[in-house]
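Participant: If you scroll down you'll find the structure; I have some questions about it.
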Amino acid sequence: MVTAQLNRLPKEYRQMTSNEKMARIQKTKAHFGSDLLIPGHHYQREDVIQFADFTGDSLQLAQMCEQNTASFIVFCGVHFMAETADMLTTSSQRVMLPDLQAGCSMADMASISQTNRAWEELTDLFGDTILPLTYVNSTAAIKAFCGRHGGACVTSSNAAQMIQWALTQKERLLFLPDQHLGRNTAAKLGISLREMAVWDPISHRLELEEGTSPDHIRVILWKGHCSVHEKFTVGQIQELREKEPQTQVIVHPECPYDVVQAADEAGSTHHIIETIKAAPPGTSWAVGTEMNLVKRLALTHSDKRIVSLNENMCPCLTMNRIDLEHLTWTLDLLREGEYQYEIKVKEEVAVEARLALERMLTHV
Ligand code: 13P
Ligand code: SF4
């Protein structure tokens with residue numbers, strides 16, 4: 001959860017025409033040139049993404065931030081992405097998020113106090129046999145926890161490599177905070193569901209499959225999820241297969257296990273984009289991921305039929321908080337020398353979180 005002070009968007013930005021906002025953004029971009037970088041995640045709105053200097057999935061955005069030298073980074077994405085950008089850049093580079101309320105409900109599902117308590121109880125049960133891995137969709141404090149305990153970060157595009165690596169380090173792993181990405185990836189690597197358990201941070205209980213003993217457990221999944229991707233169901237796939245057997249289903253691995261099993265293909269946002277780009281004209285796709293990306297795919301590939309797997313799908317509300325008004329406002333203030341919503345991770349946290357990020361970046 002983001003708790004820093006929130007400033008109100010001045011009324012004038014709501015009253016401004018789109019053309020005026022776009023002209024102001026262009027002016028600021030021209031003013032700063034290569035000293036200003038605007039990275040944009042694939043889930044960003046169309047009117048915002050047009051100003052991105054670089055678009056990508058979480059891994060690509062992290063790598064891009066690590067390599068760039070711009071003094072100012074105005075991150076069009078969500079809070080954990082801006083924190084990662086801050087930790088991977090130098091202390092003189094400034095990272096700003098246009099709206100501080102652009103968080104991630106999944107990242108909020110694992111707090112550091114819950115994680116410390118889980119670790120105490122799990123190490124009581126399993127001894128020193130667990131390595132923690134965290135999806136980058138987590139707070140800097142959780143990343144630091146993983147760094148401190150020899151663990152690493154993962155993204156949706158390298159989770160398989162990182163789980164394989166983790167199991168060479170320790171007998172079992174704790175995967176935070178997305179149970180679905182953890183389960184889907186471990187299953188893809190041949191780990192059976194009976195070798196996985198779920199840690200419930202609310203009841204402080206380890207949930208095992210019936211008839212399994214803790215000795216068999218290789219992967220402990222944190223009971224967290226993405227509220228956007230949980231809206232895709234096997235029922236939607238079955239209905240689609242009956243109506244349109246020619247349509248292929250591609251989903252993000254944050255979708256539940258049975259959905260990923262029923263789909264034709266699963267992968268990160270980058271993988272989804274590349275798969276559809278490479279598909280022959282005339283093919284038909286139902287996509288199980290965030291709506292802004294699905295709409296963009298449909299616009300970009302008018303020679304293919306692209307729809308959402310869930311026709312009542314909404315965009316990710318927190319990603320959507322970054323709008324033209326907030327981007328214009330942030331850039332206007334930047335020109336005046338004001339760093340609104342600057343994201344700065346405390347150095348004592350960043351030092352350990354960087355260990356987890358760097359272990360990931362050196363393995364991919
Ligand atoms: P990607 O890394 O696949 O872009 O996913 C980020 C995300 O938040 C998905 O919900
Ligand atoms: Fe977080 Fe889900 Fe939104 Fe991704 S889509 S930013 S995981 S809430």
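The values are calculated or read from the model by the stated rules, or taken from the named source; none is laboratory data. The model shown is predicted, which means the values in this text are computed figures rather than measured ones. Cβ placement follows ideal geometry from the backbone for every residue including glycine, while neighbour counts extend to all protein chains displayed.
Participant: When you scan the range 269-349 for helices (runs of 4 or more DSSP H) that lie fully inside it, which ones turn up with 3 or more residues that are within 16 Å of ligand 2 (Cβ to nearest atom) and either among the aliphatic types (A, V, I, L, M) or under 27 Å from K231 (Cα atoms) (or both)? Give the derivation first.
Facilitator: Numbers: elements: 269-278, 291-300, 324-335.
Per the criteria, 269-278, 291-300.
Participant: Restricting the first residue to the range 55-72 and requiring it to be within 14 Å of C153 (Cβ to Cβ), which pairs with a second residue that is assigned to a helix (DSSP H, G or I) and small (G, A, S) meet a Cβ separation below 9 Å and a spacing of at least six or different chains?
Facilitator: L61/A85; A62/A85; C65/A85; E66/A85
Participant: Looking only at the range 193-204, which residues are over 13 Å from L174 (Cα atoms) and either surrounded by 13 or more Cβ atoms within 10 Å (Cβ to Cβ) or touching a Ser or Thr at 6+ places or on another chain (Cβ under 9 Å) (or both)?
Facilitator: Residues satisfying the conditions are L193, R194.
Participant: Does the range 207-215 include one or more residues that are away from ligand 1 (no atom under 16 Å from the Cβ), more than 20 Å from the chain's Cα centre (by Cα) and assigned to a strand (DSSP E or B)?
Facilitator: yes
Participant: Taking the range 1-50, which residues are out of contact with any strand residue (DSSP E or B) (no Cβ under 6 Å at 6 or more places or on another chain), within 16 Å of ligand 2 (Cβ to nearest atom) and free of Cβ contacts under 8 Å to residues at least 60 places away in the same chain?
Facilitator: Listed by number, the list is empty, since nothing qualifies.
Participant: What helices (runs of 4 or more DSSP H) lie completely within the range 118-202 and have 2 or more residues being closer than 13 Å to A356 by Cβ?
Facilitator: The helices (runs of 4 or more DSSP H) meeting that bar are 140-148, 159-169.
Participant: Further question: List the pairs whose first member sits in the range 208-228 and is within 16 Å of ligand 2 (Cβ to nearest atom), whose second member is assigned to a loop (DSSP other than H, G, I, E, B) and aromatic (F, W, Y), and whose Cβ atoms are under 9 Å apart, counting only residues at least 6 apart or on separate chains?
Facilitator: V228/Y43
Participant: Here is a further query. Pick from the range 85-106 the residues that are part of a helix (DSSP H, G or I) and within 16 Å of ligand 1 (Cβ to nearest atom): which of them is surrounded by the most Cβ atoms within 10 Å (Cβ to Cβ)?
Facilitator: We begin by selecting, within the range 85-106, every residue part of a helix (DSSP H, G or I); these are 85-88.
When the remaining residues are screened for being within 16 Å of ligand 1 (Cβ to nearest atom), the result is 85, 88.
Values: A85: 26, L88: 23.
That would be A85.
Participant: Taking the stated definitions as given, is A107 at negative phi, at pLDDT 95 or above and within 16 Å of ligand 2 (Cβ to nearest atom)? First the steps, then the outcome.
Facilitator: On the way: at negative phi: yes; at pLDDT 95 or above: yes; within 16 Å of ligand 2 (Cβ to nearest atom): yes.
Spelling it out, A107 is indeed at negative phi, at pLDDT 95 or above and within 16 Å of ligand 2 (Cβ to nearest atom).
Participant: Still on this structure, please answer the following. Does the range 29-47 hold any residues that are out of contact with any helix residue (DSSP H, G or I) (no Cβ under 7 Å at 6 or more places or on another chain) and in a strand (DSSP E or B), and which are they? Show your work before the answer.
Facilitator: So in the range 29-47, the residues out of contact with any helix residue (DSSP H, G or I) (no Cβ under 7 Å at 6 or more places or on another chain) come out as 29-30, 32-35, 37-38.
L37 - this is the single residue of the range 29-47 that is out of contact with any helix residue (DSSP H, G or I) (no Cβ under 7 Å at 6 or more places or on another chain) and in a strand (DSSP E or B).
Participant: Oh, and also: Out of everything in the range 112-154 that is within 25 Å of D86 (Cβ to Cβ) and among the aromatic types (F, W, Y), what residue ends up being nearest to ligand 1 (Cβ to nearest atom)?
Facilitator: So the residue we want is Y135.
Participant: Next up: Output yes when any residue across the range 297-311 is hydrophobic (A, V, I, L, M, F, W, C), closer than 30 Å to F72 by Cα and surrounded by 20 or more Cβ atoms within 10 Å (Cβ to Cβ), and no when none is. It would help to see each step written out before you state the result.
Facilitator: Here is the first cut: in the range 297-311, the ones hydrophobic (A, V, I, L, M, F, W, C) are 297-299, 306-307, 309.
Imposing the further condition that a residue be closer than 30 Å to F72 by Cα reduces the set to 297.
In the following step, the residues that additionally are surrounded by 20 or more Cβ atoms within 10 Å (Cβ to Cβ) were identified as 297.
Yes, there is a match, as at least one residue in the range 297-311 is hydrophobic (A, V, I, L, M, F, W, C), closer than 30 Å to F72 by Cα and surrounded by 20 or more Cβ atoms within 10 Å (Cβ to Cβ).
Participant: Look at the range 60-84 and say how many of its residues are within 14 Å of ligand 1 (Cβ to nearest atom) and either surrounded by fewer than 21 Cβ atoms within 10 Å (Cβ to Cβ) or in a loop (DSSP other than H, G, I, E, B) (or both).
Facilitator: Start the filter on the range 60-84 by keeping residues that are within 14 Å of ligand 1 (Cβ to nearest atom), which leaves 60-65, 75-84.
Now drop any that are not either surrounded by fewer than 21 Cβ atoms within 10 Å (Cβ to Cβ) or in a loop (DSSP other than H, G, I, E, B) (or both), which leaves 60, 63-64, 75, 77-78.
Going through the range 60-84 one residue at a time, the tally reaches 6.
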